[in-house]
Every structure is written in C-alpha cells, then in structure tokens.
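Following: one structure in structure tokens, then a few remarks.
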Amino acid sequence: DSDKLIFERLQKEFEAARVAQTEEISIDDEQWNDGLLATIREKVHIEAERKAMVNLANIPTDSQFQSRTTYRIRNKVIYCLDGARIGIQYETFFAGEPCEIYHCVLESKSFLEKMTVTEHTLPFFLPIREVETDHLSSNAIRFIDHLEEILQSYIDRREQVRLIKELYGNQIGELFYSLPYTLIEFTLEDFECKVTVSIRYSDLILTLPSQARVLAWPLRSAKRISAADRRAQPVPSRLSYAENALKTLSLPEAYAEIVLELPRALKQMFYSQESD
C-alpha cells in the first residue's frame, strides 16, 4: 500500500510540475553533462531559499523566479521540484509504443553536498540502491542514465515474453520467468519431443540473453523410439541452431525461427541417433 501511495503522490507531483512548466528544453547527449546538472541543482536550491525568504519576510514574488524549466534528454525528463529536489521522469517504450512511466527523486541538503534518492516508483526488484551506491555520489549523470538503461531493458525483456505468450501461448508450456525477466524458461510440447528452453541475462541492461540452452527430449511415445529406448532414461539433444537464434534475435523472432526449423532439426537428430 505504501508503494502505491508513493506512486500516486509522485505521479500527481510530477504532473503538477509538468503543468507549471514554462519551458521544456531538449538536450542532446553532448549537452547532458555535469555542468548542466550542476546548473539544475543550483537552480532548485536557489528557488528553495527564495521561497523560504518569501514565507518569512512576506517578500513579493519576482516573476523572474516564476519560470519553470524542464529538460528532456532522450526518454527522460528532468524536473525542478519544490524543496530543493530534482525529479527524473523515465518514459519507457516497446516497439515504438509507450509503456510505463517511472519517477525518481534526488535531494541534497545543500548545493555542495551529495545527492541521495529520497523516493522512487521503480519496481522493487530492480537494484536502485546498489546503483545509487555505485554511481550517484561519484557520477550523477551515470546514475541517471544507468537507471534509464535498466528500466528500458527490463521493459524490453518483459514485453518480449508477453508477446510470445500472446502469439504462441497454445504451443508453450511451463513458462517461468524471474521478476526482472533475467531468467526465462519454457517448454514446447507440440512436437515429436519435448523441447526445453532456458535463457539467462547476465546483466540488467541486456535485451538479448547471454546464455541460452535448448534441449530436445525424446517422448517415450514417439513412433521412432524403440521399445528398449522407451524403457531407458531419455537422453536430450542440444539444439545449437535454436540457442544461436535466441542469442541473436528478439525472443518472438527467435521463437518463430526455432519452430520453423524444428521439424528438420528433429528429423536430423533422430536420423543420427538411428545411425549410431
């Protein structure tokens, strides 16, 4: 419940900041650097101090300070939030279509002190605290960009799984995946043997697996298998072509190629077993 409340509150705050903005500046990769981030940090602290003075001394507002600038860098938007905070809004996409929006709020006690993550709406199983420890104090730009990579890659992997379920769900059995979709396993059972697929992603920013293992297990009822072989423990065969496809193509594309080539591969496999 607390996560949901944080999500709703931050969503409202970022939406209010978007409505209040007077200018959105598009920044390219070259302009997105420590100097710009320092400018944004200085701006939020000056604004926080000005508001504190206004509240204390009842000073009339200066229109110069009423301007609210946001900065768009690729698929993220940097907001200057109240309370000397910087808000990063991450927009994610799959196949050109928008997916979830995530938020991360950075804060520091003064312009010279290091920033910390105070709130965020990232999935709990993504290691934001580790990334914060590794990068935020030493390289804030790297921290902000790395979170973008992690989020977009997670969405890519998740949507690839959703797509194969949608397209080929009737052929897939025993589908399993870890929460960040860094381990995905499923079986194909609509053939003369049971094919088990296991893929792993060694890094959270990968969208193609670093490891793939595809095994074809002969079914005891298959016509080609002798009575003696049926009594014996079945020995699986690796399908190298399928493993290569999984490591070089998106999951839906790899799946289509695996299924297309599977009858030929199984025929070849059975033939070689018979000739042994």
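The values are calculated or read from the model by the stated rules, or taken from the named source; none is laboratory data. Just so it is clear, the model here is predicted, and its values are computed rather than measured. We place every Cβ from the backbone using ideal geometry, glycine too, and count neighbours over all the protein chains shown.
Meeting the requirement of 3 or more residues that are among the small types (Gly, Ala, Ser) and modelled with pLDDT under 95, the helices (runs of 4 or more DSSP H) wholly within segment 205-276 are 251-275. Out of PHE186, PHE124, one residue alone is farther than 22 Å from ARG74 by Cα and out of contact with any strand residue (DSSP E or B) (no Cβ under 9 Å at 6 or more places or on another chain). It is PHE124. ILE172 fulfils the conditions (1) of a type in the set (Val, Ile, Thr); (2) within 28 Å of HIS45 (Cα to Cα); (3) at pLDDT below 95 except for a single criterion, (2).
Checked against (1) without any contact (Cβ under 8 Å) to a residue 40 or more places away in the chain; (2) within 18 Å of THR69 (Cβ to Cβ), SER2 passes all but a single condition, namely (2). Of all residues in segment 21-55, those satisfying the criterion of being assigned to a helix (DSSP H, G or I) and either modelled with pLDDT under 90 or not assigned by TED's automatic domain parsing to the domain that holds ASP145 (or both) are GLU47, ALA48, GLU49, ARG50, LYS51, ALA52, MET53, VAL54, ASN55. Residue count for segment 243-257 satisfying the condition of being farther than 13 Å from LEU167 by Cβ, touching a residue at least 24 places away in the same chain (Cβ under 8 Å) and buried (at least 17 other Cβ atoms within 10 Å of the Cβ): 2. In summary, GLU166 fulfils each of the numbered conditions (1) in contact (Cβ under 8 Å) with a residue 12 or more places away in the chain; (2) closer than 30 Å to PRO236 by Cα; (3) among the acidic types (Asp, Glu) with the single exception of condition (1).
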